[in-house]
Structure formats: structure tokens, C-alpha cells
Amino acid sequence: MKRIYFLFLSLLLGTSCNWKGSNSSVNSESISKNDSSDSSSFSRKWWKEAVVYQIYPRSFKDADNNGIGDIKGIISKLDYIKSLGINVIWLNPVYSSPNVDGGYDISDYQNINPDFGNMQDFDALLKGLHERGIKLVMDLVVNHSSDQHSWFKESRKSRNNPYRDYYHWWPAEKGKPNKRWSFFDVNQDAWMYDKATNSYYLHYFARAQPDLKWENPKVREEVYNLMNFWFKKGVDGFRMDVIPFISKDTTYPVLPEMYKGNFVDYYAHGPKVHDYLKEMNQKVMSHYDVMTVGEGIGLKIGDAQDYVADDRKELNMFFQFESIGLGKGGRDGKYAAPGGYKLTDFKRIFSKWDSVFEKRGWGTVYLGNHDQSRMVSRFGNDKPEFKNPSSKLLFTFLLSMRATPYVYFGDEIGMSNIRFTDIKDYRDLETLNYYEKLKKEGGDLKEFLKGQAEVSRDNGRTPMQWDNSLNAGFSHAQPWLKVNPNYSQVNVAQAEKDSSSILNYFKKMVQLRKDHLNLVYGKYSLLDTANNSIYAYTRTSSKEKNLIVMNFTDKPMVWNIPGNIVPGDLLIGNYPTTQNSIKNINGSNILVLKPYEAKIYSFK
Ligand code: TEU
């Protein structure tokens, strides 16, 4: 049955297909081989056609009722995950970790954090996912380890320890090293003095996250070994944490003039990053059918092809960082920008990132993750009357772009920002350490808390809301982070029952993307660029044409459909369709849109 379905799809798109009965065997021929109208020429890959669902394990489901989500909890929800229609999970780190930074401080890369379970649990999860046709992508955090990793414990013991050169050290007798900025340090200083050897070590993130020294070939071998360990188990890929940062100039010079005031860009442009990624690809990835997605922090349009063009043999995709800067402001982006973001900026950024992959490489599209506040609070409107249509609108966008969509758990039921007002409610070191820093400086703590209520990472980490029982059905014990009190209305059980829920719309959109390969590979063309209320674009191939129109405002809007587009069937809309909303006025087609209304039409 599946085989016939895919043959049919490929016939529709004019490609030949050698479907082998598993979603990893999408043919590798060009999608536009017989399709001269397409400007692009993409080879089909399962990871381009996938919809990825991200799970933050600490917050998903607690099976042993200690207040912390765990692997058995995820296993208990496998049928729910399957019901979404998604086909890849990205799991945030579950490795051994003292949990200084939500598991991004790893003390053993080949073991499971007991908070989450053990290796048998992990194996059962992987099996349960694979049985359901879902792939598993793990988090690879190798720019740094935990200071509790045995490598670092050894490294800090003496200057001639065999592990000394696994990390970046600077002997204090040479004076203080040149300034490096840390994301999470209370003093924002990335050099930490260590008394035992009278030296400083480098940590771009927290003090408990020393940076690994990739310049040492032994470190690279360790990383490739641990990657092989997981691939041999059958995991299907890695999301690579801050991967552009791995290469460093180990003379640690003063920041070159061009990077002054922009240390992130400097970190992302180390001298050997591409050599390391090529080596990693050749030694590891090239041996498996797996996907890789880099966290593209600091990467610019001009860097894109170097990371992901097929012939570069480095990564498959990366997350661009431009769009998640939208709506943030103030010092260090830790405040909300007054008035939010401008739709014209949103459109410009996503269109620009589409164009960079128009001919080579492949992109990603996402509006939230564990480092961001909730999608609907940020890019939509979480007021009760608008939350439903604006969440659906955002999914219409995410699932109709030419890039692999990444969806963050909970967004499918419209989870929104919790907006803590008391610093005691926060658990994330990014918020806590910045608060301490400001306190020391005598900064405005009230203003900071106001900003964090909108942009803090903990907004995106509150526990999954399963039902309206105690703690939203997440755990019988006090959860590690407060549950959003709106859980009595916003929860999975409720959403499953309601045919007009965000959840049910999300599932329909996922299905629509699966049924219309044009939404994956078709050419993207932005319409009406300057319109600050409506986002409209077409997706076209010689076999199908789609028009996507979304009203990003809380007011009704009208939109003039360009004369060359005559909308046919409405494929999906986020309001119940009562009447045709296209009016012909003086020979022009006018589309009448309700607040946050989104529609996808086919057209000839
Ligand atoms: O994130 C890196 C990163 O971009 C964040 O530090 C980001 O700047 C900040 O969270 C914005 O508020 C990765 C992980 O996704 C993050 O969870 C880790 O804390 C970090 O690396 C260190 O591993």
C-alpha cells in the first residue's frame, strides 16, 4: 500500500521512485529531473521530507513520579507521538550530567543520566520509535563537556597529565589571557582561574562547561568514537550543539578589529571548523544513513553553503539564528523589544534563508525550541481569543516552507509563556546568573524580570500539559519547574476531543505536507513583500501550485490576489469554512481574511 502511495506521489512530481518500503529509502534522484519548470534541483532525502518533533525530556512525562520527566515517560507516550504524524524525534541530552545547564554539561557521553533512566530504557525507547516508523536524533554536545567529566577531572590535576591537552589552558604566569566572553558566567568572563595548576581554562558557556580542545587529534577521535557508539545502536542522527564554535585560534589573540563587539561571530569563524566537520563526516557520518543538523549560531548567509552543500560533505542542515533574534532587544538580547517584531522583517529573513538554499543545500524552519520562549506567545498572540487561530497560522507557515520543519513539544496544543514574576521560580542558569550579575552591578532587576517573563528559556521548558489532573498529568510529585496554570484548559486530553483544536489542525497540516510533496520541494516565491500584515507566498512545481496566505494581525484584512493567480481548491484553512471568502470586485480577486486567518489553496 505504502509503495503504491509513494509511486503515485512521485508520478505526480514527475520523478522516478525506487521506494523500498521504509522512509529512509526515499530515492536519491533529483526531484526536478523531468521538471524543467523548477528552478531547483533537489535530491530526495528522508530528512528533507521529515517533520521533526523536539522533546525536552525533563519536561515531557514523568513515569517514576519524582517530578522529573524521564525516558519511560516518553515511552508511555509513544502512541501520542505517533498520532501526530511526525517522523523524527530530536531528543535533548539524556546523557550523564550534573545538570548545571539542563544536560548540556555532559559527564559521560556513553551513559544515561539516572534522572532519565538507564541504557535499557534508552534501547526500549529507540525500539519503540523504530517500530512506529519514527527516527531518533540525539543531541551532540562536544564544544564543551562537564567539569565533572573524567577527562576534565584528569586534565585539571597537573600540567603534564595525559588529558591536559583535552581542554584549553592558559598558564597564569603569562598574565591574564585576552578577553573572551562567556554566555552564562556571572562575570561574563570565559577564562576561569584554576588554582591546582595556576592556570586559566576556557569556557564559552558556564564555568562547569569547559571547552574541549578540538585541535588535539585525540579529542576528535574520542568524539568520533562516541558518535559511532550511538550510531551502532541505531540512532538516526545528531543535532550538534554550537558546532560552529569547535575550532579556536589557540594563540587566543586579541579579537580582530572586524569582530569587536561581536564575539559570537568570532567564535563561529574558527580557522579549522570545516576541516573538522569534513573529517567527522568522512570518519563517521559517511558510514550510515543518518541526518545531521548543526546549531548554526553566528552563521551568516555567506557561510551557509560551506556547511551544507552536498559536495562539501559536512552537515545536512543547520538552524539559522536570525529569526530567533526577532522581538528580542535590550542588552544581550535578554529583554523583549517594545512592540514585538515586524512582519516585514520576519518575511525578509525567512525568504532570504529560502533563497540561499534555492539551488544547493537544504534549510530548516523553526519558531521555538528549549532555548526560546513559546512560539505562540512570541510570534502569534496568546490572548484567549487569538491563541487558537494564531497557533494554527504559525503551523500553516512552518509546515508549508521549503525546509525541514522542527516543531517543539507542547506547541501543538498551544502551550504559552508562563511569565514568572519571581526570580525564585526560575531554574535556568542563564536567567539566574544574569540576575546575579545585574544585582552585583546595581542594575535594574525589575526591568530584567519583566524582560525575562517574555524571553526566558524557562518559558519553553514548563512541563507538558497532558490533562487537567494534578500537575497537568505530568507527574504526581512537585514538578522540577512549575506547570503553567492554564493547564486545566490547555492540555492534550482536551485537545484530542475537540475537532477544532490546534492539535487536530497540526495533525492535518502534517498530513497535508506529506500528501503534497510540492510543499516540501516546490519553489518558494514571496508575494507582496512590503505588506506588514499579510504573509503570502506560492510554492510551485510543474505538477502542482499552492498559494499560502496568512493574516498575521488581530484585525480582519483584505488582500488583493495577484492577477496571474486564480485560486482553485482550498486545501486547508484555520477557520471553519462557511462561505467562499474570495470576492471578485471590478475584475480583481479580493481575499477577505479574519484575524490570524491562514489558508492554502491550489491554483493552476
Ligand atoms: O545553545 C547555545 C545558544 O545559542 C544559547 O546559549 C543561546 O544563546 C541562549 O540560550 C539564548 O537565550 C546551546 C543549547 O541549545 C543550550 O541549551 C545550551 O545551554 C548551550 O548550547 C550550551 O551548551
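For G340, all conditions in the list (1) crowded, with 17+ Cβ neighbours inside 10 Å; (2) away from the ligand (no atom under 15 Å from the Cβ) hold save one; what is the number of the exception?
Every listed condition holds for G340 apart from (1).
Residue check, D249 against (1) within 16 Å of the ligand (Cβ to nearest atom); (2) in contact with a Pro (Cβ under 8 Å, 6 or more places away or on another chain), all met but one. Which one?
Result: D249 fails condition (1) only.
Just name the residue that is nearest to the ligand (Cβ to nearest atom) out of those in the range 447-461 that are open to solvent by 10 Å² or more (accessible area, probe 1.4 Å) and of a type in the set (D, E).
Top of the filtered list is E454.
Among the residues of the range 183-213, how many are within 21 Å of Y276 (Cβ to Cβ) and more than 15 Å from the ligand (Cβ to nearest atom)?
Summing the residues that are within 21 Å of Y276 (Cβ to Cβ) and more than 15 Å from the ligand (Cβ to nearest atom) in the range 183-213 gives 2.
Here are some residues: I572, I600, I565, I590. Which one is touching a strand residue (DSSP E or B) at 6+ places or on another chain (Cβ under 6 Å), part of a loop (DSSP other than H, G, I, E, B) and hydrophobic (A, V, I, L, M, F, W, C)?
I565
Looking at L449, L432, which one is without any contact (Cβ under 8 Å) to a residue 24 or more places away in the chain, part of a helix (DSSP H, G or I) and in the same structural domain as N369 (by TED's automatic domain parsing)?
Among L449, L432, only L432 is without any contact (Cβ under 8 Å) to a residue 24 or more places away in the chain, part of a helix (DSSP H, G or I) and in the same structural domain as N369 (by TED's automatic domain parsing).
Can you pull out the residues in the range 238-274 that are of a type in the set (D, E) and under 25 Å from the mean Cα position of the chain (by Cα)?
Hits for the range 238-274 are D241, D265.
Looking at V223, V254, V293, which is the one that is closer than 20 Å to L91 by Cα and either open to solvent by 20 Å² or more (accessible area, probe 1.4 Å) or not in a helix (DSSP H, G or I) (or both)?
V293
So, D382, is that one closer than 25 Å to I502 by Cα, modelled with pLDDT of 95 or more and acidic (D, E) or not?
Criteria met by D382.
Just to be sure I understand the filter: pairs with C-beta atoms under 6 Å, separated by 6 or more residues or on different chains, first member in the range 369-380 and assigned by TED's automatic domain parsing to the domain that holds L343, second member part of a loop (DSSP other than H, G, I, E, B) and among the aromatic types (F, W, Y). Which pairs pass?
Matching pairs, first to second residue: H370/Y56.
Taking the range 301-332 as the search range and keeping residues that are farther than 30 Å from M280 by Cβ and part of a helix (DSSP H, G or I), which one is nearest to the ligand (Cβ to nearest atom)?
Among them, the one singled out is D332.
Suppose the filter is on the phi > 0 side of the Ramachandran plot and open to solvent by less than 20 Å² (accessible area, probe 1.4 Å); does G298 pass it?
Here the answer is yes, as G298 does meet what is asked.
Within the range 343-370, can you find the residues that are part of a loop (DSSP other than H, G, I, E, B) and either within 14 Å of the ligand (Cβ to nearest atom) or open to solvent by less than 40 Å² (accessible area, probe 1.4 Å) (or both)?
Result: F357, E358, G361, W362, G363, L367, G368, N369, H370.
Among the listed residues Y163, Y109, identify the single one that is within 30 Å of D249 (Cβ to Cβ), touching a Phe, Trp or Tyr at 6+ places or on another chain (Cβ under 9 Å) and in the same structural domain as V88 (by TED's automatic domain parsing).
So the residue among Y163, Y109 that is within 30 Å of D249 (Cβ to Cβ), touching a Phe, Trp or Tyr at 6+ places or on another chain (Cβ under 9 Å) and in the same structural domain as V88 (by TED's automatic domain parsing) is Y109.
Just to be sure I understand, how many residues within the range 68-100 are open to solvent by less than 10 Å² (accessible area, probe 1.4 Å) and in a loop (DSSP other than H, G, I, E, B)?
7
Where residues in the range 477-523 are assigned to a loop (DSSP other than H, G, I, E, B) and free of Cβ contacts under 8 Å to residues at least 24 places away in the same chain, which of them is surrounded by the most Cβ atoms within 10 Å (Cβ to Cβ)?
For the range 477-523, the residue satisfying everything is V483.
With respect to P556, determine if the residue is in contact with an Asp or Glu (Cβ under 9 Å, 6 or more places away or on another chain) and either under 18 Å from L394 (Cα atoms) or surrounded by fewer than 12 Cβ atoms within 10 Å (Cβ to Cβ) (or both).
yes
Could you name every one of the strands (runs of 3 or more DSSP E) located completely within the range 104-176 that has at least 3 residues being under 25 Å from L277 (Cβ atoms)?
Strands (runs of 3 or more DSSP E) meeting the threshold: 108-112, 135-140.
Can you confirm whether S155 is open to solvent by less than 10 Å² (accessible area, probe 1.4 Å), within 16 Å of the ligand (Cβ to nearest atom) and within 21 Å of D249 (Cβ to Cβ)?
No, not satisfied.
Could you list, in sequence order, all residues of the range 267-290 that are assigned to a helix (DSSP H, G or I) and open to solvent by 30 Å² or more (accessible area, probe 1.4 Å)?
H274, D275, K278, E279, Q282, K283, S286, H287
Return the residues of the range 178-200 that are more than 25 Å from the chain's Cα centre (by Cα), in contact (Cβ under 8 Å) with a residue 24 or more places away in the chain and open to solvent by less than 10 Å² (accessible area, probe 1.4 Å); say none if nothing qualifies.
R180, S199
Pick from S391, S373: which is small (G, A, S), assigned to a loop (DSSP other than H, G, I, E, B) and buried (at least 18 other Cβ atoms within 10 Å of the Cβ)?
S373
The values are calculated or read from the model by the stated rules, or taken from the named source; none is laboratory data. Because the structure is predicted, anything quoted here is derived from the model rather than measured. Ideal geometry is used to build each Cβ from the backbone, glycine not excepted, and the neighbour counts take in all protein chains shown. These area figures cover heavy atoms from the full protein model, side chains too; ligands, DNA and RNA do not enter into them. Shrake-Rupley method; radii C 1.70, N 1.55, O 1.52, S 1.80 Å.
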